[in-house]
1. Output the relative contact order of the chain, whole-number percent, from Cα pairs under 8 angstrom with separation of 6+ residues.
2. Quick one: Debye curve from the alpha-carbon atoms of the stretch 515-614 only, equal weights, vacuum; give me log10 I(q)/I(0) at q = 0.10, 0.17, 0.24 Å⁻¹ to two decimals.
3. Using 0.36 nm per residue of separation minus the Cα-Cα distance, give me the extension gain between Thr93 and Ser34 in nm, one decimal.
4. To the nearest 10 degrees, how steeply does helix 97-107 sit against the main Cα axis of the chain, on a 0 to 90 scale?
5. Quick one: length gained pulling His446 to Val600 fully straight, 0.36 nm per residue minus the C-alpha distance?
6. Per residue, how much space in cubic angstrom lies within the convex hull of the C-alpha atoms of the stretch 90-209?
7. Using a 10 angstrom Cβ neighbour count of at most 16 plus a DSSP loop assignment to flag exposed GluC sites (Glu not before Pro), which longest range of the chain is free of such sites?
8. When only DSSP loop residues count, what chymotrypsin sites (Phe, Trp or Tyr not before Pro) in the stretch 231-303 have their Cβ near at most 15 other Cβ atoms within 10 Å?
Amino acid sequence: MGSALQGSLPDVLFGPLNDSLNDSLNDSLSGLNSVALVGNPNCGKTALFNLLTGSRQKVANYAGATVERKMGQVRLSGADVTVIDLPGIYSLTPATPDEQVTLEVIEGRRAGEDVPDALIMVVDATNLRMNLRLVLEIRQLGRPMLVALNMMDEARARGLHINTAVLAKELGCPVVETIAVQPGGQTALLAQLAVWALPEHRPMVTMPPAEPATPTQCQAEVRRIVALVSPAPVVSGRLQKRLDDWALHPVWGLAILACLMLLMFQAVFAWADWPMRLIRSGVTALGDAVSGLMEVGPVRSLIVDGAIAGAGNVLVFLPQLLILFFFILVLENSGYLPRAAFLLDTLMRRMGLSGRAFIPLLSCFACTVPGIMATRSIASRRDRLVTIMVAPLLTCSARLPVYALLIAAFVPDRSLWVFNLRGLVLLALYAVGILTAMLVAWLCRHLWLKNRYQPLMLELPPYRWPVWRRVLHDLAARALDFITRVGTVIFVLVVLLWLLASFPAPPPGATGAAIQYSLAGHLGLMLEPVLRPIGFNWQIAVALVPGLASREVVVGALGTVYALSAVGASTPLGQVIAQSWSLATALSLLAWFVFSPQCVSTLAAVLRETASWRYTVWMVLYQFALAYAAAFVTYRCTLWLTG
């Protein structure tokens, strides 16, 4: 690592600056106030940003744009320096909104944004030929910059040796080594930035070539530099090629992808059983303990029937969510997801979607909001709109508690060969959402948002063993986010529902459950005639209303509604609905949730990304129509089949 810092410190840190350029820099800069991370996608730039800034981060949108920016603080030489994580780009010729914003920030053309004092060019050390093209393009701007050779551990493991001193000389800027996924992997970078942050020093300006280089000249220069700094060939990529021969095969590749999906959904039920039972027992014990300590009255009902029954019935599904996220994180960290995008490109093209839409749509299985935001990586606006329109049809994790509750209550725990019937039903629900999204995309492409197909160009990262520390860190973040939602948004909504379901009190001589005479009960009875044709009762109608704010709330709302009805909070919700509903009603509700409009946050994301009420309203209308029609057909067919 230290080879880049040998020799005279001023020569290495500041380079051969001419007097006029140095004077100009001294006039414009005072120490180091901000730096921006720039690099190709998949170079580890965001991981390095997280390592540098830790918890001192914030996320916001650029003024006048929907493109997100991450900003954080790092303490250097007694002063705070702002670190900006810019969206990944391949060149200075922008093709997407993300790339356009990155270029404007680098060049100082973004209104309301300060120009970063220096650029940190993050380079994937295992793929110099690809990454150095961007470095040479940025060098032509004459901005202060340094190069962070990232993923150096992987480069060494593959037998790749890089002479950082020669690379620094050729580029005319400092070069340091980093390993963004290891603690302390940013040490050399921090040492370089600490020197720049001193008031008596200034970030060095890279010397651009005398004349702007053409793309052909730039590529020739990349080959020349790579031959100088890394002349030895990389030790064998035979294993990578053999894996790709299987993973990208038009037949076996699809079979592998199908098996991975099947394993994931089987695990959601098989692996989560005992921790779910443990959480459910804890919630029940807590409710019984509180009931035993308090006298009968509104306060006890609020705590037991509202907070514990509502939030507890949602919290119990945390293990299943974590198992789903675990599989997605492992596939992402292993380098498999871009290959799945290539594998499905032909199929998605026939259905009217770009292959580049695969990863945004896959993100929707976790949460639709970031999935919709990720469509910014799609160059064509029409392709982007089609992807946004179908994104809510992919099953987000917020629906999983509803699916899991109904499947566990109405689908027998039975094995079919080596498969569990409940896992197969869950897979079928996800598959219906995917197939419907493809059908809607095909209709959009042929009837509305017509556009020419653009071939998918995507860099395939090398296969890697997942960094388990990073996977566990991300998994813990997901768990904390879910628990926070249960403790804040969901808690507030179920408590509000308890208030609506508890007041006013029933009139003298009332024979039904008290909730039937409350505001929530009146609302449910008012909506019941509209929902009766699809098999929904007034309790379901009440639960669907707060579900518009957050899908998980439906489970908590059902727990609160039935806790305030004839059945007490100590009875598991699954047993309650299994005794109260018919199979036709349960399947109808599953069909409703496959197609129903998303939460308010998703609709806000659609409005923000499309900048149009027309697309947002159209999405709500077509999804409501699909949900009602699917629930009606499912309910009537199930009644006919079951007599």
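1. 12 percent
2. Calculated log10 I(q)/I(0) at the listed q: -0.32, -0.82, -1.37.
3. Result: 18.8 nm gained on full extension.
4. Result, in degrees: 40.
5. 52.5 nm
6. Spread over its residues, the Cα hull of the stretch 90-209 gives 130 Å³ apiece.
7. Working: sites that count: Glu113, Glu200, Glu295, Glu459.
Longest gap between qualifying sites, sites excluded: 460-643.
8. Loop-located and lightly packed - Trp271.
Every number in this text was worked out from the coordinates using simple rules, so none of it is lab data. It should be emphasised that the depicted structure is a prediction, and the values quoted were computed from it without experimental measurement. We place every Cβ from the backbone using ideal geometry, glycine too, and count neighbours over all the protein chains shown.
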